[in-house]
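Okay, so here's the structure we're looking at.
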Amino acid sequence: MNINYTLFGQIIFFVAFVLFCMKYVWPPIKAAMTEREKKISDGLAAADRASKDLELAQKKAMDELREAKAQAAELIEQANKRANQIVDEAKETARQEGERLLTAAKSEIEQEKNRVKEELRAEVSAVAIAGAEKILAAEIDAGKHSELLDQLAAEI
Amino acid sequence: MAGENPTTTEYIQHHLTNLTFGELPAGYMRDDGTVLTESMWTIAHGSSEATAMGFNAFHVDSLAWSFGLGLIFCLLFRAVAKSASSDVPGKLQNFVEIIVEFVDNNVKDMFHGRNPLVAPLALTIFVWVFLMNLMDLIPVDVVPELMMALGVPYQKIVPSTDPNVTLGMALGVFILMIYYAIKIKGVGGFVKELTLHPFNHPVFIPVNLFMELVGLLAKPFSLGLRLFGNMYAGEMIFILIAVMYSAGLFFGLFGGLLQVGWAIFHILVITLQAFIFMVLTVVYLSMSHEDH
């Protein structure tokens, strides 16, 4: 075993290489590795999030579809109801109109009847007067008995 | 190999000798018989010259291979770090990230303080020591023979079989241990830890100090010597098996088979030793950060 200056030479090399490694080798490699680790974990997290998002979106789509279906059903129901209502309303108006026409016709008939009665009455009284005139001739004063005749006519 | 026809001893010794550049003292007689009038810096020829140089020497091969392998680590990882992105990683980036992740997980398990130095330190140690150990898997004769042909007398290509290298790293770790122990606990806290454990009574201070100091100093030495011992032994076995090549065709083939088997087993050893060095470094630093 010859111990000599080689020992110190080796110590110097040792220090130099360790310092070089510490300054120029270790930090960049370590940084790259740490960054890659972070990248990978980020990627995994993103994938997780994406699948969760997808699930949510699917759920949302299902919900909306269901809601739309419900809305459509409601609309149809409403439309049906409205149609029934319209039909009912139409029926009602038709009935009322018929009734109205009926009453109008009835009242017209009544009026006509009254008018005819009036006319008849007047005519009857005239005919009666004429008959009585003819029967009674001069004996009967029209003016004197008109009261009695009117009373008669009213009784018809 | 040292001579034209080296003996087994020469062959093994050649493989275990570093390329040493150092100062030969004045008055030293070199192999070729010349006597130095004054001290001089030169490449050692033979282990006796290397021994004579003593402390005033460098193992050129250890330093070069260790630096080169460290440089490969730095450049490779720096290239990835530069182009690192959080997008889908390429093959190289993936490979580097696996290692970084592995080291980071180990550090997180063992080190609970907050210190930006520890993880890069662990990464550097793991990869660098692994690369140095990996040199052990290159067949033992290839590089030394090649260098011989180029005129370089010795070449030990596994830096972690050089105690200078492993102890150098262990001392680097030791300095960090002391630095952080004092930084986190304060000088008082550090001294208290050395003197009032395990027996918390003033009478026991010398005993405690002795025990704790031995424990403290044992850490870097065991750290460095464990790696050195394992790699040296592994290299030695490769060399010893390689000696069989000179013992005829049958032993040569058998030796080749053994080399392959040992190399496959050694893949485990070099990885494990790099891992152990890293883990112990992190554990020691973690202990320095623990406040009692």
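The values are calculated or read from the model by the stated rules, or taken from the named source; none is laboratory data. On a predicted model such as this, the values are computed, not experimentally measured, just so you know. Because the Cβ atoms are built from the backbone with ideal geometry, glycine has one as well, and the counts that use them run over all protein chains shown. Please note that ligands, DNA and RNA were not included when accessible areas were found on the heavy atoms of the full protein model with its side chains. Shrake-Rupley method; radii C 1.70, N 1.55, O 1.52, S 1.80 Å.
Scan region A:31-55 for residues that are within 7 Å of chain B (Cβ to nearest Cβ) and either open to solvent by 40 Å² or more (accessible area, probe 1.4 Å) or modelled with pLDDT of 95 or more (or both) and report the count.
Our first condition is that a residue be within 7 Å of chain B (Cβ to nearest Cβ); within region A:31-55, this holds for A:32-33, A:35-36, A:39.
Pick out the ones that are also either open to solvent by 40 Å² or more (accessible area, probe 1.4 Å) or modelled with pLDDT of 95 or more (or both) and you get A:35, A:39.
Here the count works out to 2.
Scan (1) under 24 Å from B:ASP136 (Cβ atoms); (2) open to solvent by 40 Å² or more (accessible area, probe 1.4 Å) for the single condition B:ALA26 breaks and write down its number.
Only one criterion is unmet by B:ALA26, namely (1).
When you go through (1) facing chain A (nearest Cβ under 7 Å); (2) farther than 24 Å from B:MET132 by Cβ; (3) of a type outside the set (Val, Ile, Thr); (4) part of a helix (DSSP H, G or I) one by one for B:ALA52, which number turns out not to apply?
Failing condition for B:ALA52: (1).
Looking for whichever is over 30 Å from B:PHE126 (Cα atoms) and among the aromatic types (Phe, Trp, Tyr) here; the options are B:PHE254, B:PHE190, B:PHE277. Which one fits? If you could, list the steps in order and put the result at the bottom.
Details: B:PHE190 fails: over 30 Å from B:PHE126 (Cα atoms); B:PHE277 fails: over 30 Å from B:PHE126 (Cα atoms).
None of the others qualify; the one that does is B:PHE254.
In region B:84-105, which residue that is surrounded by fewer than 16 Cβ atoms within 10 Å (Cβ to Cβ) and at pLDDT below 90 is nearest to the other protein chains (Cβ to nearest Cβ)?
Of everything passing the filter in region B:84-105, B:SER86 is nearest to the other protein chains (Cβ to nearest Cβ).
Which one of these is under 29 Å from the mean Cα position of the chain (by Cα) and open to solvent by 90 Å² or more (accessible area, probe 1.4 Å): B:PHE228, B:PHE251, B:PHE238, B:PHE221?
Details: B:PHE228 fails: open to solvent by 90 Å² or more (accessible area, probe 1.4 Å); B:PHE251 fails: under 29 Å from the mean Cα position of the chain (by Cα); B:PHE238 fails: open to solvent by 90 Å² or more (accessible area, probe 1.4 Å).
None of the others qualify; the one that does is B:PHE221.
Mind checking whether some residue in region B:160-174 is at pLDDT 90 or above, assigned to a helix (DSSP H, G or I) and aromatic (Phe, Trp, Tyr)?
The initial filter retains those residues of region B:160-174 that are at pLDDT 90 or above, namely B:160-174.
Going one step further and asking which of them are assigned to a helix (DSSP H, G or I), we end up with B:160-161, B:163-174.
Filter once more, keeping what is aromatic (Phe, Trp, Tyr): B:174.
Yes, region B:160-174 contains a residue that is at pLDDT 90 or above, assigned to a helix (DSSP H, G or I) and aromatic (Phe, Trp, Tyr).
Any residue in region B:99-123 that is under 16 Å from B:PHE77 (Cβ atoms) sitting within a Cβ distance under 6 Å of a residue that is crowded, with 18+ Cβ neighbours inside 10 Å and aromatic (Phe, Trp, Tyr)? List the pairs, counting only those 6 or more apart or interchain.
Every condition considered, the pairs that remain are B:VAL103/B:PHE126; B:PRO120/A:TRP26.
For B:MET177, only one of the following conditions fails: (1) over 27 Å from the mean Cα position of the chain (by Cα); (2) open to solvent by less than 40 Å² (accessible area, probe 1.4 Å); (3) among the aliphatic types (A, V, I, L, M). What is its number?
So B:MET177 meets the others, but not (1).
Return the pairs, sorted by first residue and then second, in which the second residue is assigned to a helix (DSSP H, G or I) and among the aliphatic types (A, V, I, L, M), the first residue lies in region B:52-70 and is within 22 Å of A:VAL25 (Cβ to Cβ), the beta carbons are less than 7 Å apart, and the residues are 6+ apart or on different chains.
B:TRP65/B:MET135; B:SER66/B:MET132; B:SER66/B:VAL165; B:LEU69/B:LEU131; B:LEU69/B:MET132
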